[in-house]
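Just so you know, all these numbers are worked out from the coordinates, no wet-lab data involved. These numbers were taken from a predicted model, which means no experiment stands behind them. Ideal geometry is used to build each Cβ from the backbone, glycine not excepted, and the neighbour counts take in all protein chains shown.
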Amino acid sequence: MRFDILTIFPNIFDSYISTSILRRAQQKKLIKIVAHDIRKFSKDKHHKVDALPFGGGAGMVMTPQPLYEAIKRVKRLNKGPVIYLTPRGKTFNQIKAEKLIKKKGLILICGHYEGIDQRIIDTLVDEEISVGDYVLTGGELPALIIVDAVSRLLPNVLHSPDSHKEESFSKALDRKKEYPHYTRPAEFRGMKVPKVLMSGNHKEIDKWRKSKLS
Ligand SMILES: C[S@@+](CC[C@H](N)C(=O)[O-])C[C@H]1O[C@@H](n2cnc3c(N)ncnc32)[C@H](O)[C@@H]1O
């Protein structure tokens with residue numbers, strides 16, 4: 001799957017996407033992540049991408065021209081929906097991530113300041129997604145959340161194909177939160193691992209785990 005991210009801070013993504021599972025998934029060509037600098041599309045001689053809001057009010061608004069050009073360019077490479085990350089959008093969750101893996105790709109727009117000009121949303125954005133009821137300084141963290149949550153659900157991205165099937169919010173767990181995990185040592189600072197997990201009795205282990213789902 002191809003992810004095209006439109007941002008004024010493309011460098012933010014470098015470290016996260018070149019580490020761990022996302023790095024391996026790119027090496028195996030299972031995903032492609034490209035961060036595009038919106039400023040490069042600005043026709044302003046200083047590459048400005050923001051202006052004061054009509055009607056007054058605090059803060060700046062991202063101007064439509066650079067975003068228009070950027071989206072048009074990226075749409076030639078990516079046939080997926082254009083998603084604007086915004087606190088006003090529908091809240092992202094695991095069910096949404098499972099739906100997004102079926103798309104051909106995703107184009108993610110990261111806003112800054114007070115957000116982007118409404119005319120871009122009205123004409124070029126397919127969906128508005130929020131990552132929660134709080135306000136961040138920009139859409140880069142929300143974009144990374146979506147890239148990460150969607151990528152790990154794609155076939156062959158995780159080492160063990162069944163890893164995500166029994167995770168919190170998965171269908172197999174009836175959308176409940178996962179059971180607790182324990183590893184070595186069997187006793188740590190006086191705290192013992194529940195006996196049933198060391199019994200080797202898988203029926204009992206399953207029963208215990210189900211009882212711990214919340
Ligand atoms: C400071 S916020 C703008 C907040 C906006 N004025 C409001 O009150 O809804 C700047 C940008 O960060 C991103 N952003 C902030 N919080 C977000 C959230 N919870 N979910 C998705 N994107 C978010 C959006 O792209 C937004 O355009």
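Rounded to the nearest 20, the Cβ-based charge dipole of region 25-91 about its Cα centre (Lys and Arg +1, Asp and Glu -1) stands at 480 debye.
Spin-label model, Glu69 to Ser18: label points 7 Å out along the Cα-to-beta-carbon direction sit 2.7 nm apart.
Along the Cα-to-C-beta direction of Glu178, a point sits 7 Å from the Cα; which residues of region 107-142 have their amide N less than 13 Å from that point? Answer for region 107-142: none. Label point of Glu114 set 7 angstrom out along Cα-Cβ; within region 31-56, amide nitrogens under 19 Å from it belong to 48-56. If you line up the long axis of helix 64-75 against the longest principal axis of the chain, both from Cα atoms, how many degrees apart are they, to the nearest 10? Roughly 50 degrees, rounded to the nearest 10.
If you look at the Cα atoms of the chain, you get an Rg and a Dmax of 21.3, 70 Å. In terms of distances greater than 27 angstrom between alpha carbons, the cross-link table entries Lys28/Lys177; Lys32/Lys177; Lys29/Lys99 yield Lys28/Lys177; Lys32/Lys177.
Could you tell me how many degrees, from 0 to 90 and to the nearest 10, lie between the Cα long axis of helix 140-151 and the main elongation axis, the longest principal axis, of the Cα atoms of the chain? In the chain, helix 140-151 runs at an angle near 50 degrees to the longest axis.
Put the Cα centre of region 137-153 next to the Cα centre of region 1-67 and the gap is 13 Å. Can you find, among Val193, Val82, Gly132, the residue sitting farthest towards the positive end of the charge dipole of region 63-214, where Lys and Arg contribute +1 and Asp and Glu -1 at Cβ? Result: Val193, furthest along the dipole toward the positive end. Against the compact-protein benchmark of 2.2 N^0.38 Å, the Cα-based radius of gyration of region 163-212 scales to 1.26.
Which is the longest part of the chain that has none of the chymotrypsin sites (Phe, Trp or Tyr not before Pro) sitting in a DSSP loop with at most 15 other Cβ atoms within 10 Å? Could you put the intermediate results ahead of the total?
Working: sites that count: Phe54, Tyr134, Tyr182.
Result for the longest clean stretch: 55-133.
Computed over region 64-141, relative contact order equals 47 percent, with contacts defined as Cα pairs under 8 Å that lie 6+ residues apart.
On the principal axes of its alpha-carbon atoms, region 121-177 has extents of 39, 24, 22 Å, going from largest to smallest.
Treating r as the C-beta distance of Phe188 and Ile145 and R0 as 30 Å, the FRET efficiency rounds to 0.40.
How much of the DSSP bridge set in region 68-214 is antiparallel, in percent, rounded to the nearest 5? Present the calculation step by step, with values, prior to reporting the outcome.
Numbers: 2 of 11 bridges.
Approximately 20 percent, going by the DSSP bridge assignments.
For region 101-144, what is the Kirkwood estimate of the hydrodynamic radius, computed as the reciprocal of the mean inverse distance between distinct Cα atoms, to one decimal in Å? Provide the component values of the computation, followed by the final result.
Details: mean 1/r = 0.0848 Å⁻¹.
Averaging 1/r across every pair of different Cα atoms and inverting gives 11.8 Å.
Modelled spin labels at Asp206 and Lys40, positioned 7 Å past Cα toward Cβ, are 5.2 nm from each other.
How much length is gained if the chain between Asp133 and Lys90 is pulled fully straight, taking 0.36 nm per residue apart and subtracting their Cα-Cα distance, in nm to one decimal? Show your work: numbers first, answer last.
Numbers: separation 43, 0.36 × 43 = 15.48 nm, distance 1.01 nm.
Taking 0.36 nm per residue and subtracting the Cα distance, the gain is 14.5 nm.
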